[in-house]
Amino acid sequence: MRNIPYCFQPGSKPQTEKIAPEIVPDSITEPLAVPSEERQTIVHCNFMSFPGAMIRIWRTTFLIPNEDPSNKIPLLHAENICFAPDWYQIDGYGIFTFSLIFGGLPASCKSFDLLEEINQPGAFSVKRIMRNQSDIYHVNL
């Protein structure tokens, strides 16, 4: 069993819940083909944590193709991190990982930026991520 922290508002106390891992049947052996209009781009993020660190992601986070900066690919979903205004508290030192799921990149895209557009310091920004065939990426923040 593992502890799953909940997102919380500043000033409130985070809680944890013990859950058992989900057992997935092995009936699915191959990924399904996804039509190009339904493609997704997955970015796995690593954040160096420290005791008392708090982290969150804003819905104004985009992938921006370097070939067409006006084409912002929206954030669709996030795993293991809260959306602002809530916070996710990290306990201890180490690497904290979370995943961001965006819409599909255009076929012409060769590299892109990950940019969190917010009006305060501390925005996530990773420049010139080179495109790969899988559209699954790992970045350090």
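Among residues of region 120-141 being of a type in the set (K, R) and touching a Leu at 6+ places or on another chain (Cβ under 9 Å), the one that is surrounded by the fewest Cβ atoms within 10 Å (Cβ to Cβ) is K127.
Looking across region 42-65 at every residue that is part of a strand (DSSP E or B) and not aliphatic (A, V, I, L, M), the one that is modelled with the lowest pLDDT is identified as S49.
Among all residues of region 113-125, there is at least one that is within 14 Å of the chain's Cα centre (by Cα) and not in a strand (DSSP E or B). Within region 120-134, residues that are polar (S, T, N, Q) reach partners that are at pLDDT 95 or above with beta carbons closer than 9 Å, at six or more positions or on different chains, in the pairs S125/D113; S125/L114; S125/L115; S125/E116; S134/I42.
For region 84-112, taking the residues that are of a type outside the set (V, I, T), assigned to a strand (DSSP E or B) and in contact with a Cys (Cβ under 8 Å, 6 or more places away or on another chain), the one that is modelled with the lowest pLDDT is identified as Y88. Looking across region 53-98, just one residue is hydroxyl-bearing (S, T, Y), loosely packed, with under 15 Cβ neighbours inside 10 Å and under 19 Å from V126 (Cβ atoms), and that is T97.
The values are calculated or read from the model by the stated rules, or taken from the named source; none is laboratory data. This is a predicted model, so every value here is computed, not measured. Please note: Cβ atoms are built from the backbone with ideal geometry, for glycine as well, and neighbour counts cover all protein chains shown.
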